[in-house]
Amino acid sequence: MTMDSYNQQHHFAVFGDIHGRIALMYTLAYLWENESGIKLSGLLQVGDMGAFPNPFKLDNATQKYAQIDPDELGFHKFCTQTDEGEFYLARQNTPNTYFIRGNHEDFDYLGSFSMPETVDPWQRLHFIPDGQQITLFKHSKRITIGGFGGIPPSTEHRARGKKARKKYRKAHRHADRSFFSELKAKSAFNQSEKIDILMTHAGPQCPDLQCGSIYLTELAKRIRPKVHLFGHHHQVIGPCQGPGNSLLVGLEHLNFKRNGELKEGAWGILTLSGDSANFTSPKNLPFLKTVKRETYRSLLN
Ligand SMILES: [Zn+2]
């Protein structure tokens with residue numbers, strides 16, 4: 001093995017909740033590659049991918065938003081053979097996407113995966129179930145990506161009193177499947193090798209995110225990932241020092257503003273180089289001005 005393979009830089013495009021906007025996510029990734037001349041090692045997506053393979057089986061929120069923007073239903077065009085899937089995922093050197101579950105997905109569907117697996121005919125979209133990991137570059141300096149999706153149980157912040165305790169127990173017993181359990185968070189990655197990049201859907205409780213999850217803070221402190229990425233909260237957090245001394249980044253949802261331009265803070269570039277990690281949020285790149293709700297599909301050729 002040469003020194004080179006140890007010193008190699010890896011660039012990942014990181015995306016917040018995309019809610020079905022796979023075409024938009026790949027458009028941004030390809031435009032960034034063209035502009036920078038750099039090849040991406042992968043796309044990282046922190047849940048609320050909008051994994052609804054059947055557009056007639058949606059949750060209520062997704063049904064509501066899909067009436068305003070059909071892009072919310074985008075996923076189903078990528079999990080079977082379609083022209084759109086072919087256009088975005090069958091290119092030469094298409095970078096892989098690694099994603100976890102959020103709180104708006106088809107949980108029957110994602111629950112059928114017990115191991116990290118691709119969900120598309122082109123084998124580009126890799127789902128990482130809770131507490132599992134994928135290791136990249138097995139022949140050089142490995143990068144391990146761990147996933148822990150879902151949102152914390154609503155009563156995580158346990159209140160005092162008999163009534164509150166009862167409510168807490170009930171919530172923990174009949175957990176909605178968009179939640180993760182305290183037990184799962186405490187046992188995740190116990191047998192694992194070192195996790196370099198931890199993706200969670202919700203964020204950890206920390207000075208910059210008071211409403212974050214205590215269980216996710218404990219998880220990050222225990223496994224000490226190099227990088228911790230999350231979405232869900234509609235807040236841009238960091239890059240800053242997170243629990244467990246990680247580089248912590250919280251992302252906005254990938255969507256357009258009323259004026260048709262992209263919301264800021266929904267994506268960025270993570271660069272890993274040796275033991276250092278760096279995250280930049282592209283703001284002033286010329287191509288960003290061209291990415292609009294009505295026209296983004298015509299930007300790639
Ligand atoms: Zn969410």
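Note on Lys186: aspartates and glutamates with a C-alpha under 18 Å away, same-chain residues under 8 apart excluded, are Asp130, Glu156, Glu218. Taking every DSSP helix (H) stretch of at least 4 residues in the chain, weighting each as -39,500 (n - 2.57) and dividing the sum by the residue count yields a mean residue ellipticity at 222 nm of -6000 deg cm²/dmol. Legend: residue pairs Lys194/Lys221; Lys57/Lys292; Lys221/Lys283, Cα-Cα distance threshold 22 Å; pairs beyond threshold, Lys57/Lys292; Lys221/Lys283. Which aspartates and glutamates does Lys257 reach when only Cα atoms under 14 Å apart count, and residues fewer than 8 places away in its own chain are ignored? Excluding near neighbours in sequence, the set is Asp69, Glu294.
When the pairs Lys39/Lys138; Lys64/Lys184; Lys77/Lys138; Lys141/Lys263 are compared against a 23 Å limit on Cα-Cα distance, Lys64/Lys184; Lys77/Lys138; Lys141/Lys263 fall above it. Taking every C-alpha pair closer than 8 Å and separated by at least 6 residues, the mean separation divided by the residue count of the chain gives a relative contact order of 19 percent.
Give me the net charge for the shell around Lys292: Cβ to Cβ below 11 angstrom, other residues only, Lys and Arg +1, Asp and Glu -1. In short, +2. Close amide H contacts of Ser213 (hydrogens built in the peptide plane, cut-off under 5 Å, sequence separation of 5 or more or a different chain): Gly203, Gln205. Sorting the segments 222-230, 40-48, 110-118 by their mean number of nearby beta carbons within 10 angstrom, highest to lowest, gives 40-48, 222-230, 110-118.
For Leu125, the amide hydrogen comes within under 5 Å of the amide hydrogens of Thr97, Val119, Asp120, counting only partners 5 or more places away or on other chains and with H modelled in the peptide plane.
Mind checking region 13-83 for GluC sites (Glu not before Pro) that DSSP puts in a loop (not H, G, I, E or B) and that have at most 11 other Cβ atoms within 10 Å?
Values: sites: Glu33, Glu35, Glu72; in loops: none.
Nothing satisfies the criteria.
Separation of region 253-280 from region 127-151 is 20 Å, based on Cα centroids. Here the Karplus curve 6.51 cos²θ - 1.76 cosθ + 1.60, taken at θ = phi - 60°, turns the phi angles of region 75-83 into couplings of 4, 5, 7, 10, 9, 10, 5, 9, 5 Hz, with x standing for Gly and Pro. How high is the FRET efficiency between Ser273 and Asn34 when r is their beta carbon distance and R₀ equals 25 Å, given to the nearest 0.05? Computed FRET efficiency for Ser273 and Asn34 comes out at 0.70. A simple rule links phi to the HN-Hα coupling: the Karplus curve 6.51 cos²θ - 1.76 cosθ + 1.60 with θ = phi - 60°, which for region 182-193 gives 4, 4, 5, 5, 6, 9, 5, 6, 4, 9, 7, 6 Hz, with x for Gly and Pro.
Remark on Leu262: its backbone amide H falls under 5 Å from those of Lys257, a criterion applied only to residues 5 or more positions apart or on other chains, H modelled at 1.01 Å from N. Taking 0.36 nm per residue of sequence separation and removing the Cα-Cα distance, the Ala61/Phe287 pair yields an extension gain of 78.2 nm.
So, by mean Cβ neighbours within 10 angstrom, what's the order for 233-242, 51-60, 289-298, 176-185 with the highest one leading? Show your work: numbers first, answer last.
On the way: 233-242: 18.6, 51-60: 15.5, 289-298: 13.1, 176-185: 17.1.
Ranking the peptides 233-242, 51-60, 289-298, 176-185 by packing returns 233-242, 176-185, 51-60, 289-298.
When you restrict to C-alpha pairs under 8 Å that are six or more residues apart and normalise by the size of region 1-103, the relative contact order lands at 36 percent.
Would you mind counting up the charge near Glu86? Only other residues with Cβ under 11 Å from its Cβ, with Lys and Arg at +1 and Asp and Glu at -1. If you can, show how the numbers build up before the last one.
On the way: positive: Lys77, Arg91; negative: Asp83, Glu84, Asp120.
The answer is -1.
Our estimate of slack between Asn190 and Ala90, defined as 0.36 nm per intervening residue step minus the Cα-Cα distance, is 32.3 nm.
The numbers here are math on the coordinates, done by the rules we state, and not lab data. In this text, all values refer to a predicted model and were calculated from it rather than measured experimentally. Cβ: placed from backbone, ideal geometry, glycine included. Neighbour counts: every protein chain shown.
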